[in-house]
Amino acid sequence: MNAPHPGTNLTGPPGYIGCPGPQAGYPVPPAGYASPGLAGFPVQHQPVTSHPGEPTQVSWMPAPLPPLNCPPGLEYLTQIDQLLIHQQMELLEVLTGFETRNKYEIKNSLGQRVYFASEDTDCCTRNCWGPSRPFTMRILDNMGREVITLERPLRCTCCCCPCCLQEIEIQAPPGVPVGYVTQTWHPCLPKFAVQNERREDVLRISGPCVACSCCADVHFEVKSLDDKYVVGKISKHWTGLVRELFTDADNFGIQFPLDLDVKMKAVMLGACFLIDFMFFEMTK
């Protein structure tokens with residue numbers, strides 16, 4: 001992982017660092033939202049009934065003690081500085097080219113599942129708009145409760161049109177925005193602004209000139225606002241020639257400072273999904 005430069009000031013704008021300490025100002029979750037499981041009784045194996053077709057026993061990351069005023073379900077992110085995202089391969093899509101809902105496993109560096117993500121779109125939207133489609137991505141915890149919602153509106157995909165660029169909204173819990181990722185216009189480079197819930201820029205993301213590669217990983221650097229320091233990275237991992245050619249099931253890794261505010265960690269997760277759809281979710 002690219003660690004922050006020794007001289008880096010990680011205090012940043014409001015909402016950047018410090019979930020482990022008290023944080024005021026979180027909106028009250030919607031009525032009827034259940035808080036995470038009881039402390040001391042983490043669920044380490046999820047029954048298959050929540051996600052049909054999966055193995056009976058799935059290794060889940062034990063639920064840590066929630067910090068004060070941490071958005072429910074994001075307490076898992078307080079103890080990790082890395083996330084691994086594995087898109088599930090759909091046999092129907094491989095054989096027919098018919099676009100199915102994307103599903104992802106989100107794991108920690110030990111291989112324990114932290115979340116499960118599932119796209120919520122209709123058949124017409126997926127197959128008419130392809131990777132440009134608007135979507136709702138629902139991210140579930142180990143109890144099957146939706147803790148993060150990603151909303152991507154339909155936007156222009158042409159880099160020559162700077163008036164309606166790509167963006168994604170991150171909500172945690174569902175209905176409560178905690179941040180945004182917005183595309184920054186550039187004629188040839190993928191660039192994004194990471195924003196807090198008040199739409200104030202907190203970080204920047206910059207990718208390579210051509211966001212594809214052969215037999216190598218593709219890295220999108222997460223930088224400070226002045227572009228001087230690299231504080232994290234979103235990487236698309238090379239999965240092998242056959243899988244790259246015939247499927248769009250991709251693997252990603254996200255690295256960020258351990259003490260980064262959990263809201264910003266969730267926003268970086270949203271940035272990963274936006275990057276996946278923009279550059280790697282191609283029709284095979």
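Checking the Cα-Cα distances for 223/265; 107/223; 103/236; 236/263; 107/191; 103/263 against a 20 Å cut-off, the pairs over it are 107/223; 236/263; 107/191; 103/263.
For segment 75-280, the Cβ-based charge dipole about the Cα centre amounts to some 140 debye (Lys, Arg positive; Asp, Glu negative; other atoms uncharged).
Take residue 143: with every protein chain present and a 1.4 Å probe, its accessible area is about 90 Å². Dimensions of segment 75-280 along the principal axes, based on C-alpha atoms and rounded to the nearest Å, stand at 45, 44, 35, largest first. Atom-type composition of the exposed protein surface of segment 75-280 places 57 percent of the accessible area on carbon and sulfur (1.4 angstrom probe). Name the residue farthest towards the positive end of the dipole of segment 108-193 from the options 112, 142, 174, assuming +1 on Cβ of Lys and Arg, -1 on Cβ of Asp and Glu, about the Cα centre. The Cα lying farthest towards the positive end belongs to 112. The figure for residue 84 is an accessible area of roughly 40 square angstrom, using a 1.4 Å probe on the protein chains alone.
The values are calculated or read from the model by the stated rules, or taken from the named source; none is laboratory data. As the structure is a computational prediction, the values presented were derived from the model and not from experiment. As a convention, Cβ positions derive from the backbone with ideal geometry for all residues, glycine included, and neighbour counts pool all protein chains shown. Surface areas here come from the heavy atoms of the whole protein model, side chains and all, with no ligands, DNA or RNA. Shrake-Rupley method; radii C 1.70, N 1.55, O 1.52, S 1.80 Å.
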